[in-house]
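The structure appears right after this line, and notes come after that.
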Amino acid sequence: MTNQNRLDLQWELLYRQHSGFCVGKHDRNSTPSLLREIAAEKQVNNPKFEQARDYHGQLLRMTDDELATEKVAMEKRLHAAYEARHIFNLPEALATDDVFEFWSRAELWSLAEAAALINARNPSFVNESRLTSAPRDADITVLLHNTFELLERARLAGTLRRNNNPINIINWLELKHMQMPQRLLELTLERGRTPYTVAAENQILRENLAAYEAKNGGRHSAEGADKQDKPLGVRERESLLKLVLGMAINGYSYDPKATRNKE
């Protein structure tokens, strides 16, 4: 490493660590010291100046390899500090148990909401507008962007929709060998054991109708059983199932949630 390279690296390190006490970039070759001249009275009992002076002394004593190592270490420190201050790492951006509790009860998650929740962020704060406009200059933004990108590509492929039942998101994550926070997973599975879909509702109606028929010996269909009626269409049959279920509940005190009803 040439003397000029050493000087440039020493100046860069001092400026990034103590910019207020470092000479300007264009002055580094024309001054005897990289430390800015300040009044003697301002140096006394000034801890920031003392830190800058001590760090400057360390830089002068470092070997070329030590300077290169110090630069790498400083890059990591500065990046970590920036990451900690990032908007998506602020306390209001993080998903607490209360946030998980709320979103586990939601019937649908948008792709942006799912991306936030998968990465333990509050969708009410890390919304689609903030997510898509944030530059990818921090680890958390890269992580959120990448998750959203995968979800969006799954939508384009027809695997997911713009808004999805949380159980579908869980199934997609399992397929892709990805995870969401364990607490959110537990709550969502607990809240979504029987996700609301038309098919699920129809299946419940069929099961309830079968139970009702078994209990009442088919009395609701005995009258006119010898008539050759035209078969019902799908819509008419589903309407009839709902009607029969209502009759069972109101007329026979049938409880569809009970594992066993009174005789």
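The values are calculated or read from the model by the stated rules, or taken from the named source; none is laboratory data. A quick note: this is a predicted structure, and the numbers were derived from the prediction, not measured. Here the Cβ is made from the backbone with ideal geometry for all residues, glycine too, and neighbour counts use every protein chain on show. Surface accessibility is based on the protein's heavy atoms, side chains included, excluding ligands, DNA and RNA. Shrake-Rupley method; radii C 1.70, N 1.55, O 1.52, S 1.80 Å.
Brief remarks on what is shown
- When residues of segment 18-73 are limited to those that are of a type in the set (Gly, Ala, Ser) and over 43 Å from the mean Cα position of the chain (by Cα), the one least open to solvent (accessible area, probe 1.4 Å): Gly57
- For segment 89-98, the criterion of being in contact (Cβ under 8 Å) with a residue 24 or more places away in the chain, closer than 28 Å to Leu160 by Cβ, hydrophobic (A, V, I, L, M, F, W, C) and in a strand (DSSP E or B) is met by at least one residue.
- Here Ala114 passes the criteria (1) surrounded by 15 or more Cβ atoms within 10 Å (Cβ to Cβ); (2) touching a residue at least 60 places away in the same chain (Cβ under 8 Å) except the one numbered (2).
- Among (1) over 30 Å from His79 (Cβ atoms); (2) part of a loop (DSSP other than H, G, I, E, B); (3) open to solvent by less than 20 Å² (accessible area, probe 1.4 Å) - the single one Glu107 does not satisfy: (3)
- The residues of segment 36-48 that are out of contact with any Phe, Trp or Tyr (no Cβ under 6 Å at 6 or more places or on another chain) and modelled with pLDDT of 85 or more, listed by number, are Asn46, Pro47, Lys48.
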